[in-house]
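Engineer: Mind looking over this structure? Questions follow.
The values are calculated or read from the model by the stated rules, or taken from the named source; none is laboratory data. Keep in mind that what you see is a predicted model, and the values were worked out from it rather than measured. Note that we place each Cβ from the backbone using ideal geometry, even for glycine, and neighbour counts take in every protein chain shown. Just so you know, the surface numbers come from the protein's heavy atoms only, side chains and all, with ligands and any DNA or RNA stripped out. Shrake-Rupley method; radii C 1.70, N 1.55, O 1.52, S 1.80 Å.
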Amino acid sequence: MYAAFRSIGAYVPSKVLTNSDLEAMVDTSDEWITKRTGIKERHIAAENETTSDMGAKAAELAIKRSGIAKHEIDMLICATISPDYFCMPSTATIIATKLGLDKVTAFDISAACTGFIYALSVAKAFIESGMKKNVLVVGAERLSSITDYTDRGTCILFGDGAGAALISATEDKNEAIIDIHTGSDGSFADLLMTPNGGSGSLHDNPEREAAGCFMQMKGNETFKIAVRTLTSDVVEILEQNNIASSDVKHFVPHQANYRIIKAVGDALNLADEQVVLTVEKYGNTSGASIPMAINDIYESGRLQNGELMLLDAFGGGLTWGSALVPFAGKGK
Ligand code: ACO
């Protein structure tokens, strides 16, 4: 049995936070943000809109487009670092209930911006082992709730949104997800973290503990490791599967920074039309960024059945991952 990437869906909240809005909040400029990141705007969830609300909306679309009935779905994985609730219950269980999925196996994955690829690898393993048949993989983030809007180093980067994919069992090898690589290095944990609120912060610094659960990032150091790791990761997965970069129809990288994406694309000799870019309009939506980007090419009619996608992500942990995924659904 193989695992096929059957459908995609996404949800983008309506409220937009532009670079000029941020100019009024912190000491920054549209010019700086555009030049250093490529981001022009990001979407922000409504006050009462949760990560699970957005995840459920993205998942409804993915289910509808898959042609698979809800009662056939036997697992739901949610990749998020901005869950509805700290520790428990998982956001996945709440999404499952909102979707009306009955007694489904549901759990969250915490791998920051690599979360969607990690979740995809778990779905693939469960399906290939024969334990599950139809797995809903959701990446959903309300990063605005863990962003410090007085910190110009991070608040200009992040946005909210959700994406979801239905992964289903197939006997047709041509439809199969070809390969997924994942890795981590916790010795770089302090480059990107939410240092407060967990057991690790209790003995650490009580004042910091009171400051809230906001993301902190050593951006410049993270940037250099991101370019290096993302590049070596995609080179390795292509080589190991004897696939040339010219055979990739859509390179879908995590949308953190245009300069990172450009550096990796150039290292692989990719043409502009192979590289999927949404960073300008959504910013960095962590675990939601890759499925939101896939949904964009689907909705614009650029993603067709059988076309090969190369996914690539890097994030807090540090974590990283890449995946070679043919689109096994119907194009729009
Ligand atoms: N506006 C204006 N100036 C700023 C801003 C801002 N918003 N932010 C920082 N600066 C200043 C700095 O203070 C610094 O000033 P100085 O030279 O006087 O000290 C200068 O700009 C340069 O700062 P750098 O941090 O070196 O800028 P850099 O070019 O590295 O860009 C950025 C910063 C955009 C954060 C970049 O480093 C980056 O994208 N890093 C990687 C992010 C990433 O990939 N993270 C992983 C995924 S995220 C996740 O897992 C949740």
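Engineer: Limited to segment 219-262, what total is found for residues that are within 16 Å of the ligand (Cβ to nearest atom), among the aliphatic types (A, V, I, L, M) and farther than 24 Å from residue 189 by Cα? So that I can check it myself, show each step before the final result.
Structural biologist: Kept after step one, since they are within 16 Å of the ligand (Cβ to nearest atom), are these residues of segment 219-262: 219-234, 252-262.
Imposing the further condition that a residue be among the aliphatic types (A, V, I, L, M) reduces the set to 225-227, 230, 234, 252, 256, 260-261.
Among the residues that remain, those that are also farther than 24 Å from residue 189 by Cα are: 252.
Number satisfying all stated conditions: 1.
Engineer: Condition test on residue 176, is it away from the ligand (no atom under 12 Å from the Cβ) and more than 24 Å from residue 53 (Cα to Cα)?
Structural biologist: yes
Engineer: OK, next. For segment 42-62, check the following and say yes or no: at least one residue is under 30 Å from residue 150 (Cα atoms) and open to solvent by 50 Å² or more (accessible area, probe 1.4 Å).
Structural biologist: So far as segment 42-62 goes, yes, one or more of its residues are under 30 Å from residue 150 (Cα atoms) and open to solvent by 50 Å² or more (accessible area, probe 1.4 Å).
Engineer: Scanning for something free of Cβ contacts under 8 Å to residues at least 12 places away in the same chain and not assigned by TED's automatic domain parsing to the domain that holds residue 307, does segment 98-106 turn up at least one residue? Break it down stepwise before answering.
Structural biologist: Of all residues in segment 98-106, those free of Cβ contacts under 8 Å to residues at least 12 places away in the same chain come to 103.
So of that shortlist, the ones also not assigned by TED's automatic domain parsing to the domain that holds residue 307 come out as 103.
Checking segment 98-106: at least one residue is free of Cβ contacts under 8 Å to residues at least 12 places away in the same chain and not assigned by TED's automatic domain parsing to the domain that holds residue 307.
Engineer: Here's a follow-up. Output the residues belonging to segment 1-11 that are charged (D, E, K, R) and either surrounded by fewer than 21 Cβ atoms within 10 Å (Cβ to Cβ) or not assigned by TED's automatic domain parsing to the domain that holds residue 81 (or both). Lay out the reasoning, then the answer.
Structural biologist: Keep residues of segment 1-11 that are charged (D, E, K, R), which gives 6.
Selection gives nothing.
Engineer: Before we move on, is residue 319 within 16 Å of the ligand (Cβ to nearest atom) and closer than 30 Å to residue 242 by Cβ?
Structural biologist: Values: within 16 Å of the ligand (Cβ to nearest atom): yes; closer than 30 Å to residue 242 by Cβ: yes.
Here the answer is yes, as residue 319 does meet what is asked.
Engineer: What is the residue count in segment 93-120 for residues that are away from the ligand (no atom under 15 Å from the Cβ) and open to solvent by less than 20 Å² (accessible area, probe 1.4 Å)?
Structural biologist: Within segment 93-120, residues that are away from the ligand (no atom under 15 Å from the Cβ) and open to solvent by less than 20 Å² (accessible area, probe 1.4 Å) number 5.
Engineer: Condition first: part of a loop (DSSP other than H, G, I, E, B) and either open to solvent by 10 Å² or more (accessible area, probe 1.4 Å) or basic (Lys, Arg) (or both). Now tell me which residues in segment 221-269 satisfy that. Please lay out each step first, then the result.
Structural biologist: Pass one, segment 221-269, residues part of a loop (DSSP other than H, G, I, E, B): 241-244, 248-249, 254-257, 268-269.
Of everything in segment 221-269, those that are part of a loop (DSSP other than H, G, I, E, B) and either open to solvent by 10 Å² or more (accessible area, probe 1.4 Å) or basic (Lys, Arg) (or both) turn out to be 241, 242, 243, 244, 249, 254, 256, 257, 268, 269.
Engineer: Would you confirm, using the coordinates I've provided, whether residue 292 is in a helix (DSSP H, G or I), aliphatic (A, V, I, L, M), touching a residue at least 12 places away in the same chain (Cβ under 8 Å) and touching a strand residue (DSSP E or B) at 6+ places or on another chain (Cβ under 8 Å)?
Structural biologist: Numbers: in a helix (DSSP H, G or I): yes; aliphatic (A, V, I, L, M): yes; touching a residue at least 12 places away in the same chain (Cβ under 8 Å): yes; touching a strand residue (DSSP E or B) at 6+ places or on another chain (Cβ under 8 Å): yes.
Yes.
Engineer: Can I ask one more? Out of all the residues in segment 173-193, is one or more of a type in the set (Lys, Arg), surrounded by fewer than 14 Cβ atoms within 10 Å (Cβ to Cβ), more than 24 Å from the chain's Cα centre (by Cα) and modelled with pLDDT of 95 or more? If you could, list the steps in order and put the result at the bottom.
Structural biologist: Looking only at segment 173-193, we keep the residues that are of a type in the set (Lys, Arg), and these are 173.
Next cut, surrounded by fewer than 14 Cβ atoms within 10 Å (Cβ to Cβ) only: 173.
Narrowing the set further to residues that are more than 24 Å from the chain's Cα centre (by Cα) leaves 173.
Still in the running and modelled with pLDDT of 95 or more: 173.
For segment 173-193, residues of a type in the set (Lys, Arg), surrounded by fewer than 14 Cβ atoms within 10 Å (Cβ to Cβ), more than 24 Å from the chain's Cα centre (by Cα) and modelled with pLDDT of 95 or more: present.
Engineer: Among the residues of segment 64-92, write down those that are in a helix (DSSP H, G or I) and open to solvent by less than 10 Å² (accessible area, probe 1.4 Å). Give the steps one after another, and end with the answer.
Structural biologist: First, pick out the residues of segment 64-92 that are in a helix (DSSP H, G or I): 64-66, 70-72, 91-92.
Across segment 64-92, the qualifying residues are 91, 92.
Engineer: Among the residues of segment 121-155 satisfying the criterion of being part of a helix (DSSP H, G or I) and of a type in the set (Ser, Thr, Tyr), which is nearest to the ligand (Cβ to nearest atom)?
Structural biologist: 154
Engineer: Taking the condition of being among the acidic types (Asp, Glu), under 17 Å from residue 114 (Cα atoms) and in a loop (DSSP other than H, G, I, E, B), how many residues in segment 295-320 meet it? Steps first, answer last, please.
Structural biologist: Here is the first cut: in segment 295-320, the residues among the acidic types (Asp, Glu) are 296, 299, 307, 312.
Subset that is under 17 Å from residue 114 (Cα atoms): 312.
Subsequent filtering for residues that are in a loop (DSSP other than H, G, I, E, B) retains none.
Result for segment 295-320: 0.
Engineer: Can you run down the residue pairs with Cβ atoms below 7 Å, 6 or more apart or on separate chains, where the first is in segment 247-274 and acidic (Asp, Glu) and the partner is at pLDDT below 95?
Structural biologist: Here the result reads none, with nothing in segment 247-274 linked to a residue that is at pLDDT below 95.
Engineer: State the number of residues belonging to segment 12-31 that are open to solvent by 50 Å² or more (accessible area, probe 1.4 Å) and in contact (Cβ under 8 Å) with a residue 60 or more places away in the chain.
Structural biologist: Here the count works out to 2.
Engineer: Let me ask something additional. Could you tell me which residue of segment 263-288 is nearest to the ligand (Cβ to nearest atom), considering only residues that are out of contact with any Gly (no Cβ under 9 Å at 6 or more places or on another chain) and small (Gly, Ala, Ser)?
Structural biologist: Looking at residues that are out of contact with any Gly (no Cβ under 9 Å at 6 or more places or on another chain) and small (Gly, Ala, Ser), I get 263.
Engineer: What are the pairs, 6+ residues apart or on separate chains, where a residue within segment 32-47 that is near the ligand (Cβ under 9 Å from one of its atoms) has its Cβ under 7 Å from a residue that is assigned to a helix (DSSP H, G or I) and β-branched (Val, Ile, Thr)?
Structural biologist: Between residues of segment 32-47 that are near the ligand (Cβ under 9 Å from one of its atoms) and residues that are assigned to a helix (DSSP H, G or I) and β-branched (Val, Ile, Thr), the close pairs are 39/33; 39/279.
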